1. Can you check what the net charge comes to around Ser62, using other residues whose Cβ is under 10 Å from the Cβ of Ser62 (Lys, Arg +1; Asp, Glu -1)?
2. Sum up the charges of everything whose Cβ sits under 13 Å from the Cβ of Gln75, counting Lys and Arg as +1 and Asp and Glu as -1, but leave Gln75 out.
3. What length, rounded to one decimal in nm, is gained on full extension from Val19 through to Ala82, with 0.36 nm per residue of separation minus their alpha-carbon distance?
4. If each residue's Cβ is checked for other Cβ atoms within 10 Å, how do Val27, Val97 rank with the fewest at the top?
5. Pulled fully out, how much extra length does the chain show between Thr129 and Met35, if you take 0.36 nm times their separation in residues and subtract their Cα-Cα distance?
6. Using the Karplus equation 6.51 cos²θ - 1.76 cosθ + 1.60 (θ = phi - 60°), what ³J(HN,Hα) coupling, rounded to whole Hz, does each residue of segment 94-110 give in order, writing x for Gly and Pro?
7. Above 15 angstrom, tally the Cα pairs of segment 59-127 and express them as a % of all pairs, no decimals.
8. With a sphere of radius 14 Å drawn around the Cβ of Gln84, what net charge do the other residues whose Cβ falls strictly inside it have (Lys, Arg +1; Asp, Glu -1)?
Amino acid sequence: MMTGQKSRLMSEINVTPFVDVMLVLLVIFMVTAPMMTSGVKVEVPQTSHERMDIDSKSLVVSVDASRRVSINDFQLAPEDIASQLPRLLESKQADEVYLKADRSLPYGFVMSVMASIREAGVEKIGMVTEPEAAPVKKR
């Protein structure tokens, strides 16, 4: 029973539930953000004046201007990459593949070759590039 005392309304905002919700959302976004990235993972080597040494155990998938695909010295059709590459990876005991594509090829074709390599179970794909030539200074 209240006898002569007035109850006052509390005018302060309790931020504790707000902070709790924000921390939960932060954790959820931190966990799900890496899973939301889509596309092909490519470890593109940086072009520099020094040549990159390719491991002898690695496989090099080469695509020439006429869209002929060869894995090291073994030539095959582009649609056979996903079925033949796992066997070659086992025989070489390799875990990464380097893709060497002609610059005149359409982007879509190179991406379809990369998708076939990914279907074969390859996690690491490196893009082989040539170093840029140093500009010639004129006097």
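Please treat every number below as a calculation from the coordinates, not as lab data. The model shown is predicted, which means the values in this text are computed figures rather than measured ones. With ideal geometry, Cβ positions are generated from the backbone for all residues, glycine too; neighbour counts draw on all protein chains shown.
1. Details: positive: Arg68, Lys100; negative: Asp64, Asp73, Asp102.
Counting the neighbours of Ser62, the net charge comes to -1.
2. Working: positive: Arg67, Arg68; negative: Asp64, Asp73, Asp80.
So the surrounding residues net to -1.
3. Numbers: separation 63, 0.36 × 63 = 22.68 nm, distance 4.93 nm.
The span from Val19 to Ala82 would gain 17.8 nm if fully extended.
4. Values: Val27 10, Val97 24.
Ranking Val27, Val97 by Cβ neighbours within 10 Å, fewest first, gives Val27, Val97.
5. Working: separation 94, 0.36 × 94 = 33.84 nm, distance 2.93 nm.
Length gained between Thr129 and Met35: 30.9 nm.
6. Ordered by residue, 3J(HN,Hα) equals 9, 10, 10, 10, 9, 9, 10, 10, 5, 5, 7, 6, x, 4, x, 5, 4 Hz.
7. Details: 1028 of 2346 pairs.
Counting every Cα pair in segment 59-127, those more than 15 Å apart make up 44 percent.
8. On the way: positive: Arg87, Lys92; negative: Asp73, Glu79, Asp80, Glu90, Glu119.
Net of charged neighbours comes to -3.
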